[in-house]
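As structure tokens, the structure follows; a few thoughts come after it.
Derivation of every value follows stated rules applied to the coordinates shown; laboratory data play no part. Remember, predicted model here, so these are calculated numbers, not experimental data. We place every Cβ from the backbone using ideal geometry, glycine too, and count neighbours over all the protein chains shown.
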Amino acid sequence: MNKQVFLTLQTGNFKQGFPVVLRIQEEVAGTLRDIYHDAGMLPPSTDNIEESFRQWQADFHNRVNKSRETVESQNPPRGKPGTVIHYSSTQSAQQLATQLNDWLNSGNTEAWQKIRDGLQQNLNKTDDIRVLIQTEDTLLRQLPWQVWDLFAESYPNSEIALSTTAAQLPNTFAKKYAKVRILAVLGKSNEINMKSCVASCVESLVPILTRFTVCAGRAY
């Protein structure tokens, strides 16, 4: 079953909470219809999520800058085969994720618990779910909502997007394809046998539908 969720966070703050409006729609015969609508209140956060977010952001930029300096100091600038650069601090990211989940999973107020109940009573584990978190608060739109375990663990076919309150989701769900489709855009080919790389990738990805664009320009 295809469903979409609108969770709108209205004007508020972390100390006093945020008024919330929940709307759930279900696709029937190609048309979306409302099946649930309620208003509630996301309670104040007992943790300093704003400070945790700033720390996570600072760690991210610090790691990126250090990695960039390392790459630029190499001549020619290239990484070792098989290496992966992690740009985020695991500790600060995990702290932010924990605090965000503690806040969103708090059930000490009826005004927020009924919103969580509305989600759990109207969504099924097998549903394909589009979730739109709507808010005019810039910080709220920057938080990692995808780690909210209510969706991450209970609804594996859910996708979360963030927007302002004026944005709307499409009226229909995208067409499903029997095969996974991958678009690979490859940049500079300095000191790389691009033809061999592409051929190897295509061979390993059969029967997945692939499209490779080598050295794509800005107009692509």
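A few comments on the model shown:
- Two-site label geometry, ARG63 and MET1: point separation in nm, points 7 Å out along Cα→Cβ: 3.9
- For TRP148, net neighbour charge (Lys/Arg +1, Asp/Glu -1) across residues whose Cβ lies under 13 Å away: -3
- Each peptide in 26-33, 55-62 gets a packing score, the mean of other Cβ atoms within 10 Å over its residues, and the list from highest to lowest is 55-62, 26-33.
- Contour minus Cα-Cα distance for ALA111 and VAL21 (0.36 nm per residue): 31.3 nm
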